[in-house]
Each structure stands twice: as structure tokens, then as C-alpha cells.
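Asks: This is the structure I have questions about; it appears just below.
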There are 6 protein chains.
Amino acid sequence: MNSTESRIPTLLAFGAHPDDIEFGCGGVIAREAHAGRPIHFVICSHGEAGTNGTPAERTTEAKRAAGILGATVEFIELDGDACLEIRSAHTIKLAAILRRVRPALVLSPTPEQNQHPDHWRLGTLVRDATRLARYGGLAELRDVTPHAVSGLFFYALGSGSEPTGQSPVLIDISAPEIIADWTKAMAAHASQMKTRNYVELQLARARVHGLNAGVGHAQPLWPNDPLVFGSLAMLARSAGRF
Amino acid sequence: MNSTESRIPTLLAFGAHPDDIEFGCGGVIAREAHAGRPIHFVICSHGEAGTNGTPAERTTEAKRAAGILGATVEFIELDGDACLEIRSAHTIKLAAILRRVRPALVLSPTPEQNQHPDHWRLGTLVRDATRLARYGGLAELRDVTPHAVSGLFFYALGSGSEPTGQSPVLIDISAPEIIADWTKAMAAHASQMKTRNYVELQLARARVHGLNAGVGHAQPLWPNDPLVFGSLAMLARSAGRF
Amino acid sequence: MNSTESRIPTLLAFGAHPDDIEFGCGGVIAREAHAGRPIHFVICSHGEAGTNGTPAERTTEAKRAAGILGATVEFIELDGDACLEIRSAHTIKLAAILRRVRPALVLSPTPEQNQHPDHWRLGTLVRDATRLARYGGLAELRDVTPHAVSGLFFYALGSGSEPTGQSPVLIDISAPEIIADWTKAMAAHASQMKTRNYVELQLARARVHGLNAGVGHAQPLWPNDPLVFGSLAMLARSAGRF
Amino acid sequence: MNSTESRIPTLLAFGAHPDDIEFGCGGVIAREAHAGRPIHFVICSHGEAGTNGTPAERTTEAKRAAGILGATVEFIELDGDACLEIRSAHTIKLAAILRRVRPALVLSPTPEQNQHPDHWRLGTLVRDATRLARYGGLAELRDVTPHAVSGLFFYALGSGSEPTGQSPVLIDISAPEIIADWTKAMAAHASQMKTRNYVELQLARARVHGLNAGVGHAQPLWPNDPLVFGSLAMLARSAGRF
Amino acid sequence: MNSTESRIPTLLAFGAHPDDIEFGCGGVIAREAHAGRPIHFVICSHGEAGTNGTPAERTTEAKRAAGILGATVEFIELDGDACLEIRSAHTIKLAAILRRVRPALVLSPTPEQNQHPDHWRLGTLVRDATRLARYGGLAELRDVTPHAVSGLFFYALGSGSEPTGQSPVLIDISAPEIIADWTKAMAAHASQMKTRNYVELQLARARVHGLNAGVGHAQPLWPNDPLVFGSLAMLARSAGRF
Amino acid sequence: MNSTESRIPTLLAFGAHPDDIEFGCGGVIAREAHAGRPIHFVICSHGEAGTNGTPAERTTEAKRAAGILGATVEFIELDGDACLEIRSAHTIKLAAILRRVRPALVLSPTPEQNQHPDHWRLGTLVRDATRLARYGGLAELRDVTPHAVSGLFFYALGSGSEPTGQSPVLIDISAPEIIADWTKAMAAHASQMKTRNYVELQLARARVHGLNAGVGHAQPLWPNDPLVFGSLAMLARSAGRF
């Protein structure tokens, strides 16, 4: 990954398990990849607690899916699948990655607590890490230049993990090649296809959001902070047509 | 006003009283005017119930302020200052204006009820009117082609009228010429300067929002509907630095 | 309609326009009809402000759709399509219908204000009317015995009109014959099929809710008041599987 | 406890301290016990940090109270009274209990943070544990078959710990024998009767909820996930009469 | 009523029906009356739509209850019981009363919409009227000096009408003579005692709030605006003991 | 510190970093100090992770600032700057301080999670500690008499950390000597003045709150629990004038 050569700043996406990024925001990833944006995935377990798929299988699937989406991928060890805890050592580890990758934009699971225990804890850790990444005096991170991200956005794996009382932004992912790449990336997680209709669920969710937005498909993201715009020209579309 | 000749689509701002637009979103207006966007004000009373200023004075002040901001202005009669009611006849009247002016973007006071009675009622009426403007079968509006706006945004005149449980977007209004124009437009409402520090209040609010956003000054707007973006490239800045 | 002969109490559904009930809660209606529950529709306009379909066509479509769902239907005049106002005369008119039909359960559009102006106003009127229906001293309603409904539930026509900060209950509508009847009833509104994918939107929404609930399809309803149960035996299923 | 012989599935209630279950949802427990449902209590401390009562006394009181309510009871060690932390080891321990007891319904303190520190932490742990209980690959739980509960409900010990922005369901506990058993079970915690009017508080809360529900007494529970119903026939009563 | 002679400023309480004030905030009224504060009631109907009691009986009961509480009382005509509408003429009428009575503190039903239709409308009208009371230019009110109240507080008649997402303040009404006066004032509404346990409900609500506050009984009020204090010395007690 | 000799009970303020108290609630502190209230600061790190200032410099600055405000100050070790974790050992340590200092009022950063990771964790710990401080049986705290505080209030360092869905109380800090002391105390943190306009931000925030409250400057505090008042006489001012 060499984001400094690119003119579009890097997007960094965190996932607690090998398939979270694809199912939660894979359409957005595909959209950005088609625009030439460098993309990097950080996956915080090998899915070893899941009902289906061995860690080795799931690692292979995640690499294949990242390849389809044009992203690089790395795996890190925190506490293991289904065992994640909120510890400052983790926050610092994630902040170190943020300083190394130096992304403009960061994607993470939401910190809403009524979902898989790893998801909300990772969302909390990533939010904290984006702050630590820019504090200059942290002894543990002394060797890496501080870095401030431009925006942190949360993705949801289902309606239960969507933040309440906050509006999402909708990203238009209607282009056929984007839907195709996204679907292919989700399907790459073959071990997870056995019992649940995850692919169908995510496509149906994106279709509902798309119809609301007046486009084919859309994925919602929840900004961690108020968005700042230089003018209204960037805000020329909004949903709410039905 | 000849928005069809312009390449930037028109912005239409509604105010319940002659000074609402300037105090609530005048910085945003100045910013858009400097970008060459056609701007039109619709003011729904002459401020005749206010403690200071005659209707004639306030009309003159509003025209002067609009001129400073580069906006055209029209006054309409609904129920009179402090007497606004929510009636479908008003909604249809506002929808007719929307069809005539055909703006891309609409600004209105928030519909939050704990503020001046005219403000929340006008916010409710404008929201309803943006929907009626695009329904084809309305007998009263038969002669004008339906029109769908791209975005409806609410402005707040103080923290009491800011929507709770919803994040604003922040518009950067830091450029000195924008602050200058905005301040001048607010000061044009000379009759309102006698008893309250409205200008100072709005500049302080914009400074607080600006410091949060990492810029000089910013004004908040609340989108009525989720915003739709073609890619993340448009979302490259967010607040939350302190 | 002769609800007194039936052992299952009547369901009364209100719609602002000829197709609202079918699109907003048609699956629930089909489910109840299959259980033998008497169902009555009250439609408060002929859809005369809509872009497509004449009032006569839409009335015919609504009657056909009600027939498919096994419901009786009546049309009432309030203020006309897109012109509904909140007036106590309307509340009393709706309360009189509640006293005549004497339903156990009532369905209505949500009173959330960011949707079609008629929808939230009708939701507000119906909520008020369920209270007036049980007050004994109303002069205008003196001739009809007061009636207290067992439950008022709101339906949403899209995600924009779903109540925030309140959980829905999900009704399982997965049985093939129910999906078939519901789809057929929506399709009966042929004049509305020209420009928007309403049927697909509602089926996709119901599929997303169904997958969340661990069933095929489900429709959400929002109870107006806390639900009361005689024991936990009735609460043996909940969503949240993904 | 032999829930497989019973035709009514087991109810499992968690308490952080020896008296939490009785004070927070004892009326519901009594109601279910009278219906013949097997009930099991898991108590996560011996109340050793409380102002009154020794651990031995409180254990005895809890056993007596459980006996009155017809429940079996076990005590587990987490971090001790007033010292509970959110650790994945605890979540796994609770998930193991869920797999062993295999309840349909689970009761737990709410995760609202403005209450006794142990209560919200236990609520968080129980919510997470209900998810881990159904994941197939957890090494620590390999020997026990995964188990999915039908519903997780939270109980509140006072109005400060009631979830905001979410409606409860109300369980009718008006029958005299239920009120009698519940009162007796609360009074079994004799060591806690010295300084506070806990019994009176809970009876008054239940009376207020009951009057709202149109019954004698009712206790509120907050479902963790949207409830799923096969038809509206199960929803024939709701509160809101005053 | 001669509030100018009194050193404690007047309290003005609005009720939609003859018994609303007593049941919703009668304990607070009794507390203030015992402190020597002048109190005035404005009742906006004669309860003519209620199930029990004639308008004449209810008027007599209200006068007796006001007498017990040491309040003066006046009846005004708006639209009649159960028929209240939100009209600017009403707002102006209420504003005129505010200018005449010139209270420091105002009590009104909450504007929460899920309650008796007259209650939320009156709450909305009173909130708007407190603003109009201080605008200098209103033609209809030209003859009366503008007046700004110090605080507007809402009272709730039941838990369904309590504002969500906002904390109440609790007023200690534990003194025996206050409970006695309040109970007597509620009981003065003899016609309303026939079918519902209103007195018991309100006493139980006040007992629950009192136990939470560490006192005998307390009644909740919801301030319309943030409270302003000169120092922390006034904030020396808060609830949350259980 | 000798709070027993003073007739005004002690105020105890917690800060995660050497400057948090001054920037978040320094005006309130100055106001109380001028009233003669004993004030004690507990600072939980030496700011060693900050971009500017050495721990020694920052300790010196904090002592100077406390001196300006008339407060005593102590530093405690938890996990170090930017590394704070939520542990019961910390809660007990804070509870022990509460029992030693025995304050009536406690100030702490809010527990809102979207801010500096140390702030929300400290807010959570302090809230929990105020409860543990009054439980009689805690072995670790056996040697110190339990203590119940009268009120816990949260302060916010910026709008991002203000609690949503809850109204603040506003403390009037307009007196020139209070603004002067507060400004001087903020400026004492000279190392933090290099890159950000913290002093200007806080003064602008206080000015906006002051103008809303109808006074010069005001600082908001969020009570952890409903406030209890003996009568309405203490509630004679509220904001909401614009």
C-alpha cells in the first residue's frame, strides 16, 4: 500500500470478523475502489468462534473478497473472536495502525451495544483510536508521526445495529459493476452461506435504502461527527421521496 | 430572478419575519451568493407584532439586507406576524411559490415547537409544501408544472430551536468577505438592535461551531432527509476536533 | 359488516389515500383476514391530488384491493387529498365511525411529521379519535354508545415515516398465500404502478424485517401505548438474530 | 431442574445481588410460576458490599425467597459485590449457563448506566452472553450444544434504571395470590427491610403501572429486540386509559 | 387577586378541564399556597364531554377544590371540552390573561400528543402564549403591557403524558398538611370518583417519585427551558437513591 | 482542606487531565469560590500524552490555576493519560476519595462516549463511585464512613461531549470578577495555548449560553439525577428568551 503516491487519500476499514466489512459496507468499498481510492482492511479476528468455517478457510475467503474489492488486507490479534474487550492497549494498537496507514476516511462497525459483542467493542475502540492517533505525547506511539483522519463513519450489519436518533448518509452504489463486485465479494465468504441469507439481506437493505434515495441501491453510513462542507453545492441530493 | 440562465440552481429561503433569514442562516446565504448562486427570499410577515420597528421600517430593512446578500426578496401574506396557523391553504400557497421559483435547495426555520410560534409553524408548512410541490394532481396548482427540490434544510435562530437527536451539517463561512457581508446584512435590521445582542449572539454561535469544525466560523443546518452522495470524496471533512 | 356475529373482534384500518392501507400494512391485513377476522377500511380521500389515476379509477382500485384482502371499505370526505387539516370536527367524525364499527384493533398511518402531509395529520386525528370514542358526554356523539378500542397501532409507508426512538412489533406474514394476497392487493392499484416501484419497495422492506425476525417476511407496527400481557407465554419470540 | 420434562419452557432470571430479582421482577416470576413454568435464578454475588446483612444471611434469604416463588437458585462468582467488571470471561461463563439451562426466556437488569454499577454491567454481560450462547465455534464452550433463547427482557429496580426512549411491555400481576407471593418473597429479604421502603416502592410502582394498564398491578419489562407475533390476536390489550 | 401587594410572585395554572390542575400538580399548588404565594387557575372548559358530572356540577367542584388549595379560579371559553383546536385567536386570548395576571411561574399540561386531545393542544397554546405575552407590537394586545414570565413548567396527568428524553424536577410535597390539602382538593371532584381510581393513582405516582427523591411524596414538573441558577447552592438535592 | 469548619459544604471536581476542570466548568468553580465554598480538585493524570507541555509543566500549571480559583488540588494515578480503563479498582479508589473529602456536590466530565477516551471513562467511574461511596459493606473501604453526595453534575468540554436528550442547568457566571478569575485560570495552562483557541472557545460557549439565559455568561451542567426542590421559589428563572 502506498497511499502517498495516490492522489485520492486512503480509506481504512476495520472489521471484527473476516466478513464484516463486505456485509456491512462492501458496496461503498466497491464504489471507492472503482474511483481509484486506495483501500486497506484491518480484520481483528479469524472468525474462530463462528458456527461455520475454520479460521484458515475464513482467512482465505477474506483475502479473496478483499482482492475482488481491490483492497489490501491485514489481520491483527486482539482478544480473539467473541472475546474482544475494551482495553487501552487495543486502542493504542489501532491508533498505531492509523498512524501507519494515514487514511483520510475510516470505516468501523457502529458502537451500538445490541449486536455481536465484538462489533460494538471494536466500534468503541476505533472511535477512541482516531483520537489517540493525533495526540503527540503518547509514549507508546512516539516513533510514528501523529495523524488526524478527516472522517470516521460507522457501518451497520443489520437494522438492530443502526444508531437510533441519528440520520445516516446514503452512498449511491447503484452502478451495475459496483453491485456485481459487492455481491461477488460477499459470496466469497462461502463458509457463511450455509445457514443464513446474508447476501440477500444486505442486497434487500441496500435496495430499500436506494428506493428511498431515488436511486437503485444505497448503503447507509453514520458519521461520528457533524460533517463540514465548504458550500451547499455538495449537498444537492437528499432522500425522502416516498 | 431568472434561475434558468444560471448554471447554479437557485436557493430559496423562507423567513417568518423580516430578519429571520439573516440571523438564522445569513452566513450560508452570503457563502452561496459569493459562489454565484441565485438566491430568493420569501418573507411571510412584515414583523408587525415585534416590539421594535414599524412594518414599513422592517420591510425596508429586509430589502436592504437582501440586497447586501445579493438576494431577491418577496413578501407574502399568510396570517400576519405572531398569528400564523397551519392551514392547507398556506401549504398550497408555499407549494405554488416552490413551483414558480423551482429551487434546488430550500432553507426554512426548524419545526421544533419550543420557539417563536410562527417559526415552527412555518417550518411545518414549508416541509409539507415541498411535498405538495411535486404532486401532479392538485387542482389549485394545475397551471404550474410540479417541481421536486433536491434538498430541504432547516436553520435555527438559537439553541432552543435546534433539533434534538439529529446531527447538523456545518457550512464553513470563515472567509472574511462572507463574515463581513453577513454582519452587514444583520446590522441592516437596525430596528432590532435596540434591546438584544442578536448580532453578537449569532457571531458567537458561528464561532463555536467553527472552532468545533476546525475552521473560523460555521453555521449549522439540519437536513430534512438523509443526504445522498455519489461517493465518499464529498465527505472528506468532519468536526469533532476538541 | 356484522362484527357482533363474529367471534374474532373487528379490525378497522384508516387510510388517507386509496392505496395507503395496502402499501403500509396490507400483509398484516391479509394475515388477519385469513384468520377469519372481520376487517373494515375507512379511506379519507379519493387520491385526487396524486400524479396518476383519476378519483374514479382510484376508487375502483381501492374497492378491488379491499375485496382481495376480504375487507369492507367506505370512503369519507374530510378536506380532500393533500388538504387535510387537524380539526376537531374531523376527530369527532372519526370517533363516530369508531363507535359504529366498534373495532378491537385500529390501524392508522404514523403521526411522524416528515411524510405526506395527510398521513401524519390522519395519524394525529385517529389517535385523538380513539380517546373521544370512549368519552360519555360528547354532545355530537350522544346517540352512539361509547367504545374503547383494545389497541391502536401505527403503520409506516416508508422508513422516513417510521417512529424514531420506539421499537415496532413485527407481524409474521411469511405464509405464501398471505404474500400472494398482499402482492395482488398492492398490484390492484394499477394507476400507481407507472412511475415508482412501490410494490418492490414494500416487499423488500418486509423481507428485511422478516430476515431480522428469523422468518420469511414481516411487517412492523408501532403500538400507541405499552402492550399489556397476561403472561410471558405470549412473548415467546423476538427478533435480533443477525 | 429438569426443563425438558416440562411442556412450558424454562425462564432464567439473572440478579447481581441476592434480592434484585424479587424487587425488580418478582411479580412476573410469581405469575409464571403459577402457570407451571420452570424458573431458575442465577445470582452473581452474595451481597457482601451492602450496608445491611451478612453474605450468609443474604444467601439464606435469597434461597427462601426463591422457594416462595417456586424457583431453583444458584450462586456464581464473578468479581464480587460492587466490583463487577465487563470481561469476556464473564460473558462466556454466563453463556455456558444459558447453554446448560436452555431457557426460552431470560430476565436481566437493564444495561442503563445510571444505577448500581453491578446492575448495568450484568445487563450488558447477559445481553452479550445470549449471543455467544448460540455461536457454534467457541472453544471454551465446545462441550455444550449452542442454544438460542426466544426472548431477552430487562427489568428495572427503579425509575432511574428504566430505559429511556423505549416502551415497556406490561405484565398483569393483579391476581391476589401473585401479589401475595411476590410480597412474601420481597419480605424474605429481611436484612434489607431495615432502612428503606423497598417493598412499598415496588408495590407502588406496580400499582401505577397497573392503573395505567387498566388492571390492578402490572410490572414493566423492556424487550431487547422487537417482538415477533404470528397475528394481532396476541396483541389485544394495551395501556393508556388515563 | 392582587398580586402586586404580595411579595411572592403569582403562580398561574392552566387546566383544560375542571379537575386537571388538582390531579396533575395539586400537591405543588398546595405547597406554594402554604408558602403564601398567590395562585390563580384558568380552566378552559366545563368538562361537558366527560362521562360523569354535569358542567354545573363540575364547575362547582372546581371552585370548591380551588378554595381548598387557596387559589382563585376563572373559566374561559375556547372551543369546548374535547373540541379544542390550535388557533392563534386562542394563543392571543391566553397571552392576554398572562399580561393581566402577570405571573412569575406558569403551569400547564405537557404538549405530549399521546394523551387527551385537549391537554396537548392546551400545552402547545400556553407555550406559544408565554412568548406572545412579551412581544410589544401585537395589535390585539395593545392595551396591556407586555409581560415575560420567569418559568413555564409542564405537569403530567399520567405516565403516558410525561415528556420522554427530558428529566423532570421533583417538588417535595411530603408535609402532612400539603398531602391532606391535595387529597381533599382531588376528592372535591366527587363526580369523577365514580369509575376510576384517580386519587389513588396520583398519590401512588407521588409516592414513587418521593421514594426516588428520598422524601415522602414528590410531584414531577418539566421545565420548558433550561433552568438558570445564580449558584450551585440552590441545587443541593437530587434524586437517585435506589 | 477543612470542610467541616466551613458552613458551605465542599465541592469536589474531577478532571482527567490538568486543564479539564478549568476549561469545562472553571466559571462555575470561580462562582462557588467567591461564595466561600471550599473546593477540591482531583486530577487523574499529568497530561503526559498531550501534544504540548511536559508532565512537570502541566502539574505546575494546574496548581497555579487551582490557586487562582481558590481550590486545593491533588493528583492521583489511575492508568495514565490516554490509557484510562474502566476498572472496579478505580471506582473504589474514587469512592475512597469521596468518603474522605465528603463533598455535597461533585463535578465530573460527562460519560458521553464521543470525546477524549479518558473523559467518558472518568465520567462513568465517578458516577459509579458516588454510589459505592454510600454502600456500607465494601471491604476495601471499611475504615472510612460511608458518604452520600447531594448532587453529581457533569460538565462538557465542547458541544460534542454534551449529553443529548437532556436539558442542562445554566449557572450564571456573569460577574466581572468571576469571568476574570476564570479566564486567568484557563490562561494558566500556558502550554496548551500554543495551537488551539481553547480559551476563546470556552468564553464563546459561555457567552452563547449566557445570551440564551438572559445574562452575560453562563456555563451548562447536566445533573445526573432529577433535581429535588422544596418549593418553586428556587426555580424563578429559566432560559429561552430568543
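Quick note: the coordinates plus some simple rules give every number you see, no bench work behind them. Please read all numbers here as calculations on a predicted model, not as lab measurements. For neighbour counting, all protein chains shown are included, and Cβ atoms are generated from backbone atoms with ideal geometry for every residue, glycine included.
Asks: Ranked by Cβ crowding within 10 angstrom, fewest neighbours first, how are C:S108, D:S150, F:S45, E:S161 ordered?
Replies: Exposure proxy ranking, most exposed first: D:S150, E:S161, F:S45, C:S108.
Asks: Let me ask something else. Have a look at the DSSP beta bridges in chain A and tell me what percent are antiparallel, nearest 5.
Replies: 25 percent
Asks: What is the stretch F:128-242 by shape, rounded, prolate or oblate, if you read a ≥ b ≥ c off the alpha carbon gyration tensor as root eigenvalues and call it rounded for a/c under 1.5, prolate for a/b larger than b/c, and oblate otherwise?
Replies: Oblate is the answer for the stretch F:128-242, as a/c is 1.5 or above yet b/c matches or exceeds a/b.
Asks: Relative to the other copies, what are the label-point distances for A:T145, with labels 7 Å from Cα along the C-beta vector, expressed in nm at one decimal and sorted shortest first?
Replies: Spacings between copies for this position, smallest first, are 5.3, 6.0, 6.0, 6.8, 8.3 nm.
Asks: Would you be so kind as to identify which of C:A133, C:A187, C:P111 lies farthest towards the positive end of the dipole of chain C, taking Lys and Arg as +1 and Asp and Glu as -1 on Cβ and the Cα centre as origin?
Replies: The residue sitting most towards the positive pole is C:A133.
Asks: By Cβ position, which chain E residue lies least far from the axis that rotates chain E onto chain F, and what is the distance to the nearest whole angstrom?
Replies: Its Cβ sits closest to the axis: E:G165, 2.
Asks: Label position 7 Å from Cα toward Cβ: report the copy-to-copy distances for C:T164 in nm, one decimal, ordered from shortest.
Replies: 0.7, 1.2, 1.2, 1.2, 1.5
Asks: Antiparallel DSSP bridges in the protein assembly as shown: what percent, to the nearest 5?
Replies: Bridges in the protein assembly as shown that DSSP calls antiparallel: roughly 25 percent.
Asks: If you don't mind, there's one more thing I want to ask. Hey, in the GNM for chain F with a 10 angstrom Cα cutoff, which one of F:A190, F:A96, F:A139 fluctuates hardest?
Replies: Taking springs between Cα atoms under 10 Å, the residue moving most is F:A139.
Asks: Once a ≥ b ≥ c are taken as the square roots of the eigenvalues of the Cα gyration tensor of the stretch B:1-136, is the result rounded (a/c under 1.5), prolate (a/b larger than b/c) or oblate (a/b not larger than b/c)?
Replies: oblate
Asks: In debye, nearest 20, what is the charge dipole magnitude of the stretch B:126-199 about its Cα centre with +1 on Lys and Arg Cβ and -1 on Asp and Glu Cβ, if you could check?
Replies: Using Cβ point charges on Lys, Arg, Asp and Glu, the stretch B:126-199 gives about 200 debye.
Asks: Continuing with the same structure: Output the relative contact order of chain F, whole-number percent, from Cα pairs under 8 angstrom with separation of 6+ residues.
Replies: It rounds to 22 percent for chain F.
Asks: Something else about it: Using alpha carbons only, how many angstrom separate the centre of the stretch A:8-32 from the centre of the stretch D:174-218?
Replies: Each part reduced to its Cα centre gives a spacing of 51 Å.
Asks: Counting only other residues whose beta carbon sits under 11 Å from that of D:I92, what net charge do I get with K and R as +1, D and E as -1?
Replies: Charge balance in the 11 Å sphere: +1.
Asks: Decide, for the protein assembly as shown, between rounded, prolate and oblate: order the square roots of the alpha carbon gyration tensor eigenvalues as a ≥ b ≥ c, take rounded if a/c falls under 1.5, and otherwise choose prolate if a/b is larger than b/c, else oblate.
Replies: Because its axes are fairly even, with a/c under 1.5, the protein assembly as shown counts as rounded.
Asks: Related question: Between B:G137 and residues 5 or more places away or on another chain, which pairs have amide H atoms under 5 Å apart, with H built 1.01 Å from N, and which residues are they?
Replies: Answer set, sorted by chain and number: C:G50, C:T51.
Asks: How do E:T164, B:T110, F:T124 line up, fewest other C-beta atoms within 10 Å first?
Replies: Arranged by neighbour count, lowest to highest, E:T164, B:T110, F:T124 become E:T164, F:T124, B:T110.
Asks: Given the DSSP H assignment, sum -39500 (n - 2.57) over each helix run of at least 4 residues in the protein assembly as shown and divide by its residue total; what's the result at 222 nm in deg cm²/dmol, nearest 500?
Replies: Helix contribution divided over all residues of the protein assembly as shown: -12000 deg cm²/dmol.
Asks: What percent do you get for the relative contact order of the stretch C:19-86 when only Cα pairs under 8 Å and 6+ apart count?
Replies: About 41 percent, as a whole number.
Asks: Could you please rank F:H40, E:H34, placing first whichever residue has the fewest other Cβ atoms within 10 Å of its Cβ?
Replies: Going from sparsest to densest Cβ surroundings: E:H34, F:H40.
Asks: If we hang a label 7 Å off Cα along the beta carbon direction at A:R87, how far is it from the matching labels on the other copies, in nm, shortest first?
Replies: Listed shortest first, these distances are 1.2, 1.2, 6.9, 6.9, 7.0 nm.
Asks: How much of the DSSP bridge set in the stretch C:107-242 is antiparallel, in percent, rounded to the nearest 5?
Replies: 65 percent
Asks: Is there a pair in C:K93/E:K194; B:K93/C:K63; E:K63/E:K194; A:K194/C:K194 whose C-alpha atoms are over 31 Å apart, and which pairs would that be?
Replies: Among C:K93/E:K194; B:K93/C:K63; E:K63/E:K194; A:K194/C:K194, the Cα-Cα distance tops 31 Å for B:K93/C:K63; A:K194/C:K194.
Asks: A follow-up question, please. Just C:Q202, C:Q166, C:Q115 to compare: in a GNM of chain C, with alpha carbon springs under 10 Å, which one fluctuates most?
Replies: C:Q166
Asks: Sticking with this one: Relative contact order of the stretch D:149-242, please, whole-number percent, based on alpha carbon pairs below 8 angstrom and at least 6 residues apart.
Replies: Here the relative contact order equals 42 percent.
Asks: Here's something else I'd like to know. Amide H of D:S150: which non-local residues (sequence gap of 5 or more, or other chain) have their own amide H closer than 5 Å, using H built in the peptide plane?
Replies: Placed amide hydrogens put D:L105 under 5 Å from D:S150.
Asks: Between the stretch C:38-108 and the stretch D:73-130, what is the C-alpha centre distance in whole Å?
Replies: 50 Å
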